[in-house]
Amino acid sequence: MTAVPERSVELKPDPAIGFSGIQASRQCGAPSCKIASHIPTGAPAMAEPRPSIADKRRSFRRMHEAGCFIIPNPWDVGSARYLQGLGFKALASTSSGFAWSQGHADNTISREMALGHLREMVAATDVPLNADFESGFARDAAGVAESVRLAVETGVAGLSIEDSTGVAARPLFEIDEAVQRMRAARIAIDRSGADTLLVGRAECFLVGRPDLDETIARLQAYANAGADCLYAPGLRTPQQIAAVVAALAPKPVNLLVGSASALTLQAIAELGVRRVSVGGALARSAWGGFIRAAKLLAEKGQFDGFADAAPGAELNSFFGADLGQRGGA
């Protein structure tokens, strides 16, 4: 890989696409670089007309034009509403978080389960939702096209298609086949007439093939096949991230930060990343608290695990006000 030159970026908070709540400008290393940081403000103070599906899709596409934003991953309606209440302007589903909530391992839910989940999440939220749509719930391009058609009908503002096969001996689709699948997804979206964002995912780092050159080649092929945004989960170093961003410019890049990291949003923005998702990390964090408390009960008969539990009054206050904003729906 050739060295990636240093670059400066200019990020400006946009009320239409940035964080809501209390806004604060924070200077970063690049000239004139500002990132909107947010302070949780709870449920929205005033009820407003709910945006249409078309409104959400237009807003989501604008978010990918400039700046850097966090797109957190809720796993059910409650977690989605809470994240929206914190001011996040877009959300993404998590296949793993949803699967665990249904008593499944990741990548084992059915297409019907996934579609039902997406319909519920879209109906419950007022911000764009990006679907973690796994590998399209199909082996061939025609099957991917049909799955994507059904996903678009749920009202999602974006959806991702992975190139992983789920087969250990052959973890990734060959690149020609993967491109056909991505192109089929693009055609299905275009035929629907919906302005749904297509995210192309290269799973190399997650399936034991951490080859940066192969990852970039796959992402470039997916971009040429019609993907609007590119995503390679598993990138960790600034050098890897900067190389991917440079190779795919001007297409936006999604970065996964699914564990504790020394990288900050400010540093990630300076690398040119457009959006940052967290995958199943929030769901795993919730499960972590649950498991620790449950094991103390089961193994020691102790109740110390409840020490950091969220106060019921706080949750009731948030969700009571939030439900009122939805008209009691």
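Couple of notes before you dig in:
- Mean separation of Cα contacts under 8 Å (6+ apart) over length of segment 192-329, as relative contact order %: 16
- Less than 5 angstrom separates the built amide H of residue 197 from those of 158, 159, all sequence-distant by 5 or more or on a different chain.
- For segment 56-123, carbon and sulfur atoms together expose 52% of the accessible surface, with a 1.4 angstrom probe and every protein chain in place.
- Between residue 101 and residue 326, residue separation times 0.36 nm minus the direct Cα-Cα distance comes to 78.6 nm.
- Residues of type aspartates and glutamates that residue 295 reaches as a straight line, Cα spacing below 14 Å, ignoring anything fewer than 8 places off in the same chain: 304
- The HN-Hα couplings worked out from phi for segment 245-251 by the Karplus form 6.51 cos²θ - 1.76 cosθ + 1.60 (θ = phi - 60°) are 4, 5, 6, 9, 3, x, 5 Hz, whole numbers, x standing for Gly and Pro.
- Spatially proximal aspartates and glutamates relative to residue 251 (Cα-Cα < 13 Å; intrachain offsets below 8 disregarded): 65, 228
- For segment 83-161: rounded, prolate or oblate by the Cα gyration tensor [a/c cutoff 1.5]: oblate
- Anisotropy class of segment 141-189 from Cα gyration tensor, a/c 1.5 cut: prolate
- Take the Cβ atoms of residue 191 and residue 316, set R0 to 35 Å, and the FRET efficiency comes out at 0.15.
- Rounded to the nearest whole Hz, the Karplus-based 3J(HN,Hα) values (6.51 cos²θ - 1.76 cosθ + 1.60, θ = phi - 60°) of segment 232-237 follow the sequence 10, x, x, 5, 10, 8, with x at glycine and proline.
- Label positions at residue 110 and residue 174, each projected 7 Å from the Cα along the C-beta direction, are separated by 3.2 nm.
The values are calculated or read from the model by the stated rules, or taken from the named source; none is laboratory data. Note that the structure is predicted; figures quoted are calculated from it, not measured. Methodologically, a virtual Cβ is constructed for each residue, glycine included, from the backbone with ideal geometry; neighbour enumeration extends over all protein chains shown. Areas reflect the complete protein model, heavy atoms only, side chains present, ligands, DNA and RNA absent. Shrake-Rupley method; radii C 1.70, N 1.55, O 1.52, S 1.80 Å.
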